[in-house]
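The values are calculated or read from the model by the stated rules, or taken from the named source; none is laboratory data. The shown structure was predicted, so the numbers you read here are calculated from the model rather than taken from an experiment. Cβ atoms come from the backbone with ideal geometry, glycine included; neighbour counts cover every protein chain shown. Keep in mind that these areas ignore ligands, DNA and RNA; they rest on the heavy atoms of the full protein, side chains included. Shrake-Rupley method; radii C 1.70, N 1.55, O 1.52, S 1.80 Å.
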Amino acid sequence: MICVIDYGIGNLRSAQKAFEYIGANSLLTSDATLIKQARGLVLPGVGSFGRTMDALIKTGTCDLLKERIEAGVPFLGICIGFQMLFETSDESPSSRGLGVLGGNVEVLSPKVKRPQMQWNRVEVERDDSILFRNMDPSPWMYFVHSYAPSPTDLRSIVARCNYGEDIVCAIEQENIFGVQFHPEKSGPAGITLLRNFVDKVSG
Amino acid sequence: MKSVRIIPCLDVDNGRVVKGVQFLDLIDAGDPVELASYYDKQGADELVFLDITASSSNRDTLIDVVERVGETLFIPFTVGGGIRTIEDARRLLRSGADKVALNSQAVATPSLITEIADEFGSQCVVVAIDAKRVNTLDGEIGPNTISWQVYVKGGRQATGIDALKWVRECQARGAGEILLTSMDRDGTKSGYDLELTRQVTSAVSLPVIASGGVGTLSDLLEGVVIGGADALLAASIFHYKETSIQQVKSYLLDHSIMVRH
């Protein structure tokens, strides 16, 4: 069973609907018992870095998520859920992220329109990527964001996109997966990516 | 790189699409979910549903449509029409809409923009602006100056508010995107009001969806090149099958405008 973490803000239904569509056993929940039993965890969402962390703390899921990620449970962070994996963010300097990955989340270049609210071509850089299996090497994905992470460990990067500058838009590191775009809103390519994550969870 | 979004707009009345339905021979009689799926297959980048009746009795019908769209369609979609409170917005977003479009109520209660943006994020707050050309506006703008006035209630009621002033206020209050419709051009197929589009895209840093007046492929191109639009909304040309989304995209690509393809 995959738990899509419900931390009460934003529109979190669409990610879970995509898993339902794939046929994966998934639940939208913040229930600690269920999260502990989950074989896969998904942190979706939109919103600010600080506000999301506050919501995770409030729902009691912050420490639990860290514990499960460290225990090796496959984890997929989407958009703000991806950014939460890192230590800090330009967006909310007084908040700390989950910090399971090193690095800061940086504001996009002032040369471009912010947020990036559009489809963009993603350049997959690693042949061994799990998320981008069975996909065009430059799939189009839908983005809505003003910030993007700058991971300290460059080996974790699997894909970038160009938006005024090269932006890290997907990472994979052991059981940790993260994407800056919204696969649940990226049509068939996005569905394939989520299915690849489900296969990883089941496999 | 910037890529332009192509957005078909579906007007929904009591759970049915009402614009151009009779011309869509291949599509069943205006079921919004089927039409949405048809446009998705054609390569639409996003969809907009406007509930044009928006009476409270039809609310449940709309919610049902939104839920059904969200179950099968995995591209972003916006729902507008009759959103008066944060609870209306919450219900639509919880049902699966990605964004809500505010129009009359944003003018009546501008704090609603901020309220929804604070709760769900700016990215899901679209402010729809219906603007009409005026030459003078109660002495606020001098003669011989083009300006645009905001209309509400489906274009039936003038507000006396200058469109450029309003769009800046929307941005300041936390809107994430502007859906700009030229009332002068809407339905005329004589092209977007490019001057209006240019002025609005220059006035704010928010993404702007140009709407109202598209008749030809070059109208769409001009919306981007001259108007500076980030996204192009059209209804008639798609509903009446005068062109397909693929045709629009090929044309734009041929003219060096990047689109998802």
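Data for the structure
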| item | result |
| --- | --- |
| Carbon plus sulfur fraction of accessible area for the protein assembly as shown, probe 1.4 Å, in percent | 46 |
| Rounded to whole Hz, the Karplus (6.51, -1.76, 1.60) HN-Hα couplings of region A:120-133, x for glycine and proline | 9, 7, 9, 9, 7, 9, 10, 5, 8, 4, 7, 4, 9, 4 |
| Convex hull volume of the protein assembly as shown per residue (C-alpha atoms, cubic angstrom) | 139 |
| Members of region B:88-136 that become less accessible by 40 Å² or more once partner protein chains are added (1.4 angstrom probe, chain alone as reference) | B:Arg94, B:Asp98, B:Glu119, B:Phe120, B:Gln123 |
| Area buried, chain A against chain B - accessible surface, total, 1.4 angstrom probe, square angstrom | 2800 |
| Whole-number percent relative contact order across chain A, with pairs defined as alpha carbons under 8 Å at least 6 apart | 20 |
| Counting DSSP beta bridges with both ends in chain B, the antiparallel % (nearest 5) | 25 |
| Tensor-based shape of region A:1-78 (alpha-carbon gyration tensor, a/c under 1.5 rounded, otherwise prolate or oblate) | oblate |
| Check: the protein assembly as shown dipole with +1 on Lys, Arg Cβ and -1 on Asp, Glu Cβ, in debye | 140 |
| ³J(HN,Hα), Karplus 6.51/-1.76/1.60, whole Hz, each residue of region B:172-185, x for Gly, Pro | 4, 8, x, 5, x, 6, 10, 9, 9, 10, 8, 5, 5, 9 |
| Which of B:Ser95, B:Ala108, B:Val69, positive extreme of dipole for chain B (C-beta unit charges) | B:Ala108 |
| Per-residue SASA entry for B:Val152, accessible area with 1.4 Å probe, Å² rounded to 10 | 10 |
| Cα-centre dipole for chain A with unit charges at Cβ (Lys and Arg positive, Asp and Glu negative), debye to 20 | 460 |
| Potential lengthening between B:Lys165 and B:Arg59 on full extension [0.36 nm per residue; Cα-Cα distance subtracted] | 35.0 nm |
| Distance (nanometres) between label positions extended 7 Å along Cα→Cβ at B:Tyr240 and B:His255 | 1.9 |
| Radius, Kirkwood style, for region B:5-254 when every pair of distinct Cα atoms is counted (Å) | 18.1 |
| Nearest-0.05 FRET efficiency for B:Glu34 and B:Ala158, computed from C-beta distance (R0 30 Å) | 0.20 |
| Convex hull of Cα atoms in region A:2-202, direction-averaged projection (nm²) | 9.7 |
| Listed residue (A:Phe132, A:Gly203, A:Val122) projecting farthest to the positive dipole end of the protein assembly as shown, Cβ model | A:Val122 |
| Interface residues in region A:172-203 - accessible area drops by 50 Å² or more relative to the isolated chain, probe 1.4 Å | A:Lys185 |
| Given charges at beta-carbon only (K, R positive; D, E negative), |dipole| of region A:7-79 in Debye | 120 |
| Selected from B:Ser37, B:Leu206, A:Thr29, residue furthest toward positive end of dipole (the protein assembly as shown; charges at beta carbon) | B:Leu206 |
| Nitroxide proxy distance, nm - points 7 Å out along Cα→Cβ at A:Arg133 and A:Lys36 | 3.1 |
| Value of [θ]222 nm, deg cm²/dmol, for chain B, DSSP H segments ≥ 4, -39500 (n - 2.57) each, nearest 500 | -10000 deg cm²/dmol |
| Surface per residue (accessible, 1.4 Å probe) for the protein assembly as shown, Å² | 38 |
| Residues in region A:112-131 that, when all protein chains are in place, have 10 Å² or more less accessible area than the chain alone would give (probe 1.4 Å) | A:Lys113, A:Arg114, A:Pro115, A:Met117, A:Gln118, A:Trp119, A:Asn120, A:Arg121 |
| Chain B, relative contact order [Cα under 8 Å, separation at least 6], % | 19 |
| Peptides ranked, highest mean first, by Cβ atoms within 10 Å: ranges B:61-73, B:167-179 | B:167-179, B:61-73 |
